[in-house]
Amino acid sequence: MTVQTAGYYDIVARLPANSVVTFHNVSWQDYEELLEQVGEASGLRISFDTGTLIVMTLSPEHENYARFIEGIIRLISVRLRINIRFFGGATMKKTKRRKGLEPDACFYVQSADALGNRVHLDFEVDPPPDIAVEIDVHHDSRFKSSIYAALGVPELWRYDGQTLTISVLREGQYVIVPHSQALPLLSSQLLTEYLTRLREEGELQSLLAFDQWLQSVQS
């Protein structure tokens, strides 16, 4: 689909929840102009890969899982006194590679101290986040793996509504591993367990249970 930039925005603005639209032969300039028009609008994820533009709209369920994962990481940061920076669905893009995307959540762990207290990042020069998260309860984000790899994101978490998998970047490809390399106390099994509890017990009870688990591993 080839349209003018204003046309991209008109189409995107009318998309219902849980929709995906793909545009081909899109210029980098049109991609950047669409990002400016959309701004930091919640409920959208825009990906660009050498001329292919993909826009996804999200559901409250999707956002609930992403925010819950952020809540878990915040508890780790506070309980274990680890400096972790949170940048949500910040747009990551590199002009030279003609690639860009927005994760559902992302965290700086090993690289957090290098960022200091800055809140505005330039991914053309700043390092990528140590962890990026994709929630795939209604969409399949695996096509984004090549974009994440080109951007140099070391670790990718993907939750499909049943299981959270952890993958790490090795020689340009993502390989599934049992534990996080950025936060080794976290395993795919553990994260899956608490995401399941979120569905069954609710957010508060699940976060309280995770906090209790954290305190037990500290003692």
Out of (1) outside any helix (DSSP H, G or I); (2) under 17 Å from residue 129 (Cβ atoms); (3) at pLDDT below 95, the one residue 113 does not meet is (1)
Being farther than 30 Å from residue 216 by Cβ, in a loop (DSSP other than H, G, I, E, B) and assigned by TED's automatic domain parsing to the domain that holds residue 150, is that true of even one residue in the stretch 45-52? no
Check the stretch 4-16 and report whether any residue there is within 19 Å of residue 91 (Cβ to Cβ), at pLDDT 95 or above and either of a type in the set (Ser, Thr, Tyr) or in contact with an Asp or Glu (Cβ under 6 Å, 6 or more places away or on another chain) (or both). no
Taking the stretch 17-58 and keeping residues modelled with pLDDT under 85 and touching a His at 6+ places or on another chain (Cβ under 6 Å) leaves 18
Which of the following residues is outside any loop (DSSP other than H, G, I, E, B), touching a residue at least 12 places away in the same chain (Cβ under 8 Å), surrounded by fewer than 20 Cβ atoms within 10 Å (Cβ to Cβ) and not assigned by TED's automatic domain parsing to the domain that holds residue 149: 12, 21? 21
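When the residues of the stretch 133-160 are filtered to those that are under 11 Å from the mean Cα position of the chain (by Cα) and among the aromatic types (Phe, Trp, Tyr), which remaining residue is farthest from residue 72 (Cα to Cα)? Give the steps one after another, and end with the answer.
In the first step, residues of the stretch 133-160 are kept if they are under 11 Å from the mean Cα position of the chain (by Cα); the result is 133-136, 141, 144, 148, 153, 155-159.
Subset that is among the aromatic types (Phe, Trp, Tyr): 148, 157, 159.
Values: 148: 23, 157: 14, 159: 14 Å.
The residue in question is 148.
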When (1) exposed (fewer than 15 other Cβ atoms within 10 Å of the Cβ); (2) among the basic types (Lys, Arg); (3) in contact with a helix residue (DSSP H, G or I) (Cβ under 6 Å, 6 or more places away or on another chain) are applied to residue 74, the one that fails is (3)
Name the residue, out of 153, 137, that is of a type in the set (A, V, I, L, M) and either loosely packed, with under 15 Cβ neighbours inside 10 Å or out of contact with any Ser or Thr (no Cβ under 9 Å at 6 or more places or on another chain) (or both). 153
Name every residue in the stretch 209-219 that is loosely packed, with under 13 Cβ neighbours inside 10 Å and not small (Gly, Ala, Ser), in order of residue number. 212, 215, 217, 218
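So, residue 117, is that one touching a helix residue (DSSP H, G or I) at 6+ places or on another chain (Cβ under 7 Å) and not hydrophobic (A, V, I, L, M, F, W, C) or not?
Working: touching a helix residue (DSSP H, G or I) at 6+ places or on another chain (Cβ under 7 Å): no; not hydrophobic (A, V, I, L, M, F, W, C): yes.
No.
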Outside any strand (DSSP E or B), within 13 Å of the chain's Cα centre (by Cα) and not basic (Lys, Arg) - does that describe any residue in the stretch 90-100? yes
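The values are calculated or read from the model by the stated rules, or taken from the named source; none is laboratory data. All values reported here derive from a predicted model rather than from experimental measurement. Don't worry about glycine lacking a Cβ; one is built from the backbone with ideal geometry, like all the others, and counts go over all protein chains shown.
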